[in-house]
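Here is the structure we will look at, set down as structure tokens.
The values are calculated or read from the model by the stated rules, or taken from the named source; none is laboratory data. Please read these numbers as outputs of a predicted model, since none were measured by experiment. No Cβ is skipped: glycine too gets one built from the backbone with ideal geometry, and neighbour counts run over all protein chains shown.
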Amino acid sequence: MQSLMKKLFFACCLLMVVQLQAQDAKMKSFIDNLMKQMTLDEKLGQLNLPGAGDIVTGQASNSGIAQKIAEGKVGGLFNIKSVEKIKEVQQLAVTKSRLKIPLIFGMDVIHGYRTVFPIPLGLSSTWDMQLVERSARIAAIEASADGINWTFSPMVDIARDPRWGRMAEGSGEDVFLGAEIAKAMVKGYQGSDLSKNNTIMACVKHYALYGAAEAGRDYNTTDMSRIRMYNEHFPPYKAAVDAGAGSVMASFNEIDGVPATGNKWLLTDVLRKQWGFKGFLVTDYTGINEMVDHGIGDLKTVSARALDAGIDMDMVGEGFLTTLKASLKEGKVSQQLIDAACRRILEAKYKLGLFEDPYRYCDVKRAATEVYTDAHRKEAREIAAQSFVLLKNEGNILPLKRGGKIALVGPLADSRENMPGTWSVAAEFGKAISLLEGLKAVAGSNTQIVYAKGSNLDYNAKFEADATMFGKNLKRDERPVEQIIAEAVAAAKDADVIVAAVGESAEMSGEASSRSNIDIPQAQKDLLKALKATGKPVVIVLFAGRSMVITEEAKEYPAILNVWFPGSEAGYAIADVLFGDVNPSGKLSATWPQNIGQVPLFYNHKNTGRPLGEGKWFQKFRSNYLDVSNDPLYPFGYGLSYTSFSYGNVVLSSNKAKGNQKITATVAVTNTGKTAGKEVVQLYIRDVVGSVTRPVKELKGFQKISLQPGETKQVSFTITPEDLKFYNYDLKYDWEAGEFHIMVGGNSRDVQKASIYWDK
Ligand code: BGC
């Protein structure tokens, strides 16, 4: 029976392979035929990706870009909003250009489309891959209904330095969690069939190491050893490629002295040859032109270099369009390279089904019925509530009780525009739910809510203007500070509790929003102090696009709920958690430092030759600081619940293993509180002795479980040598025999430990 099943399985696999080969052959012959008809100019046109510019519905043919499209000088366009415009532009391409090649339409659909989900850093804090995938699926449904077939997401750059504003757009500091999320996002966007009208092509970015910018300053240089790249930064990019991501975006930064956009080792040797990436490679915005400022040549030189390195599509800068012809004539690039790039772009269009039907993603009816639906908004609300991280809850001050009077104070309490967070290009800011609205709706009529702004975002008006761009104005209050604070204190006077909505504005994180101080701005700190002086309990609802320094607040205030930027349903989701309708279960995907000087601070660091003794602060001639301990304020994986959990010992199926044996590590987790709740049970492994130094621990598994009050669950992880592998000095991916510590816990610091010896 078993052997019959096996045979059947292999027959099915074989059939699938044969079918795939037939599909590939069909695609190849279609593209061969098309390319035979293409002139050099038309081929170069396919490599060109301009921004949408000035296109207005009903007038696409008069837009600046129309002429170029008609001449076959455009391969795709990005960031056009609305199916009507896209349909018009597509019509230009397939009726006016000689070969009628359809355009690909890209957009930064980063965390939702019109229905906006939490910023990616928030999504990663759910540690729930089904929810992450679902958010990408809904984003794909909405974007494709509105004409988009390609998204510049997921962003999988590892971020260990919270000064870097783009930490908001990724999944934090860990490669294991990052890789899981990368896979889930690609699956969510692309589904199992890219040619369906409700799936879109993913673009993994920013390849590579963009998150390792020196001093956390955006676009800055990166420099690191290859062993570190392979072990500590590459895995999420590779996971996305393995999951079938159709495209990859090169990053702005340099690597080993060569900008990624022109780095052949990175783009061709690693991505294509080692990882087998078959899709197409696009630059980031003017990535080719910026190599001139990097200082490696003029536009013609760097364009040739980018093509040679492996770039297929040139975003915005038109270096390919304007210089490659001359470079070809001079023998600086080959026809073969141009053909290969053109072919990859045509293949992407083919896979999206655009040759079969260029209007596949231009169904105006879908746009009217599938975007920003009640059902999607409901899911966005639920997902947002799962992303919040309860950092502190002294005396169980949360959840809030209904009834009585709540004073809602703070510059972020009454802002719709800031709720979607950075990179929410398709959001309608005016429709997002502010905290004030959400709180009123969820509290019910017997709870009185009074509101006062209490402070501006920052004392410095210029800073505030820079941090509230792109329609995210916080309506600066020009009255004297004392007056603004006094109003809030008066509002809080006979309240039972104060909810303070403070922290960062949406544009204090994201692209080109690096900070050298990552704390709550002083104007808001002063407000908090005044509120505390009223003697009322102050609950902080913290808005953040990065790990922040809140050491003072963590000491002074009884409750802190970190809500990131929750998306279009923000106010409802926050209120759901504040009132306990949803029990918080988010866990940090990056360490929160005690002060800025500790940065970069991450859990999976090396031990050094002079580690600080456990539980110690300062020790002379040890690796530490005089003025702060080595501990984080909140470790990676940390997050509280309205209930509590206890962990039993780690029980291993054996403390000796050999070869490809499977070992299980089991822990009993109990809900010791009075409320049902979810817990993220985390597995960490330490490779005690290696041929190269190994981190003090590495995340290797996690499970999010639900527990009723008093309930205990046995949580088991299966461990195989696959989990022990790493890139060694020769960049060979393998595991080494020896002792391993197996650790399980509710965060990266508080773990139960067992040991195993694993022989080859
Ligand atoms: C960003 C990318 C983005 C691109 C297109 C660039 O500035 O770095 O992440 O996809 O613009 O909007």
Requested in this report: Taking only the stretch 298-324 into account, find how many residues are in contact with a helix residue (DSSP H, G or I) (Cβ under 6 Å, 6 or more places away or on another chain), assigned to a helix (DSSP H, G or I) and within 27 Å of G64 (Cα to Cα).
Outcome: 12
Requested in this report: Scan (1) assigned to a loop (DSSP other than H, G, I, E, B); (2) in contact with a Leu (Cβ under 6 Å, 6 or more places away or on another chain) for the single condition V109 breaks and write down its number.
Outcome: (2)
Report summary line: Within the stretch 414-426, the residues that are away from the ligand (no atom under 13 Å from the Cβ) and crowded, with 24+ Cβ neighbours inside 10 Å are S415, N418, M419, P420, G421
Report task. Return only the number of the condition from (1) within 30 Å of E169 (Cα to Cα); (2) modelled with pLDDT under 95; (3) surrounded by 20 or more Cβ atoms within 10 Å (Cβ to Cβ) that H111 does not satisfy. Result -> (2)
Query raised in the report: Among all residue pairs at least 6 apart or on different chains, which show Cβ distances below 7 Å where the first residue, located in the stretch 271-289, is modelled with pLDDT of 95 or more and the second is acidic (D, E)?
Result: F280/D312; L281/D312; V282/D312; T283/D314; I288/D314
Report summary line: Matching residues in the stretch 703-723 (part of a helix (DSSP H, G or I) and surrounded by 15 or more Cβ atoms within 10 Å (Cβ to Cβ)) number 2
Requested in this report: Taking F234 as meeting all but one of (1) crowded, with 23+ Cβ neighbours inside 10 Å; (2) within 16 Å of the ligand (Cβ to nearest atom), write down the number of the exception.
Outcome: (2)
Query raised in the report: What number of residues within the stretch 151-160 are more than 20 Å from K349 (Cα to Cα) and either within 15 Å of the ligand (Cβ to nearest atom) or outside any loop (DSSP other than H, G, I, E, B) (or both)?
Result: 4
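Out of P635, P611, I need the residue that is surrounded by 14 or more Cβ atoms within 10 Å (Cβ to Cβ), under 24 Å from the mean Cα position of the chain (by Cα) and over 22 Å from S716 (Cβ atoms). Which one?
Of P635, P611, the one residue that is surrounded by 14 or more Cβ atoms within 10 Å (Cβ to Cβ), under 24 Å from the mean Cα position of the chain (by Cα) and over 22 Å from S716 (Cβ atoms) is P635.
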Requested in this report: Tell me which residues, restricted to the stretch 250-297, are part of a helix (DSSP H, G or I) and within 16 Å of the ligand (Cβ to nearest atom).
Outcome: A260, T261, E290, M291, D293, H294
Query - Residue check for I148: within 16 Å of the ligand (Cβ to nearest atom), under 22 Å from L346 (Cβ atoms), outside any helix (DSSP H, G or I) and of a type in the set (V, I, T) - result: yes
Query - Cβ-Cβ under 7 Å pairs, at least 6 apart or on other chains, the stretch 474-497 side under 18 Å from L435 (Cβ atoms), far side part of a loop (DSSP other than H, G, I, E, B) and hydrophobic (A, V, I, L, M, F, W, C) - result: L474/L457; V497/L400
Query raised in the report: All but one of (1) over 20 Å from A348 (Cβ atoms); (2) more than 16 Å from the ligand (Cβ to nearest atom); (3) under 14 Å from the mean Cα position of the chain (by Cα) hold for R163; which doesn't?
Result: (3)
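Just name the residue that is farthest from the chain's Cα centre (by Cα) out of those in the stretch 166-195 that are assigned to a loop (DSSP other than H, G, I, E, B), surrounded by fewer than 24 Cβ atoms within 10 Å (Cβ to Cβ) and touching a residue at least 60 places away in the same chain (Cβ under 8 Å). If you could, list the steps in order and put the result at the bottom.
So in the stretch 166-195, the residues assigned to a loop (DSSP other than H, G, I, E, B) come out as 170-174, 191-195.
Applying the additional criterion that residues be surrounded by fewer than 24 Cβ atoms within 10 Å (Cβ to Cβ) yields 191-195.
From what's left, touching a residue at least 60 places away in the same chain (Cβ under 8 Å): 194-195.
Numbers: L194: 22, S195: 25 Å.
If we take residues in the stretch 166-195 being assigned to a loop (DSSP other than H, G, I, E, B), surrounded by fewer than 24 Cβ atoms within 10 Å (Cβ to Cβ) and touching a residue at least 60 places away in the same chain (Cβ under 8 Å), then S195 is farthest from the chain's Cα centre (by Cα).
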Report task. Scan the stretch 345-359 residue by residue and report those that are more than 14 Å from L281 (Cα to Cα) and assigned to a helix (DSSP H, G or I). Result -> Y350, K351
Requested in this report: Scan C342, C362 and give me the residue that is in the same structural domain as I148 (by TED's automatic domain parsing), assigned to a loop (DSSP other than H, G, I, E, B) and surrounded by 19 or more Cβ atoms within 10 Å (Cβ to Cβ).
Outcome: C362
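Within the stretch 21-40, identify whether any single residue is charged (D, E, K, R), modelled with pLDDT under 95 and surrounded by fewer than 14 Cβ atoms within 10 Å (Cβ to Cβ), and answer yes or no.
Yes: one or more hits.
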Report task. Kindly indicate whether D576 is under 19 Å from Q386 (Cα atoms) and outside any strand (DSSP E or B). Result -> yes
Query - Selection within the stretch 304-315 - more than 15 Å from P50 (Cβ to Cβ) and not acidic (D, E) - result: A304, R305, A306, L307, A309, G310, I311
Query raised in the report: Mind checking whether some residue in the stretch 325-333 is assigned to a helix (DSSP H, G or I), in contact (Cβ under 8 Å) with a residue 40 or more places away in the chain and not hydroxyl-bearing (S, T, Y)?
Result: yes
Query - Criterion (under 19 Å from the mean Cα position of the chain (by Cα), over 28 Å from F429 (Cα atoms) and either crowded, with 24+ Cβ neighbours inside 10 Å or without any contact (Cβ under 8 Å) to a residue 60 or more places away in the chain (or both)) met by exactly one of W564, W592 - result: W592
Report summary line: Note on K700: of the conditions (1) charged (D, E, K, R); (2) assigned to a strand (DSSP E or B); (3) over 22 Å from S171 (Cβ atoms), unmet is (3)
Requested in this report: For residues that are touching a strand residue (DSSP E or B) at 6+ places or on another chain (Cβ under 8 Å) and within 16 Å of the ligand (Cβ to nearest atom), scanning just the stretch 114-144, find the one that is farthest from G170 (Cα to Cα).
Outcome: A143
Report task. Give the number of residues within the stretch 449-483 that are assigned to a helix (DSSP H, G or I), closer than 26 Å to S424 by Cα and of a type outside the set (A, V, I, L, M, F, W, C). Result -> 3
Query raised in the report: For the stretch 301-315, does any single residue satisfy the condition of being away from the ligand (no atom under 16 Å from the Cβ) and surrounded by fewer than 17 Cβ atoms within 10 Å (Cβ to Cβ)?
Result: no
Query raised in the report: Has the stretch 211-229 got any residue that is in a loop (DSSP other than H, G, I, E, B), in contact with a Gly (Cβ under 9 Å, 6 or more places away or on another chain), within 16 Å of the ligand (Cβ to nearest atom) and among the aliphatic types (A, V, I, L, M)?
Result: no
Query raised in the report: Do we find a residue being buried (at least 16 other Cβ atoms within 10 Å of the Cβ) and within 20 Å of L390 (Cβ to Cβ) anywhere in the stretch 504-512?
Result: yes
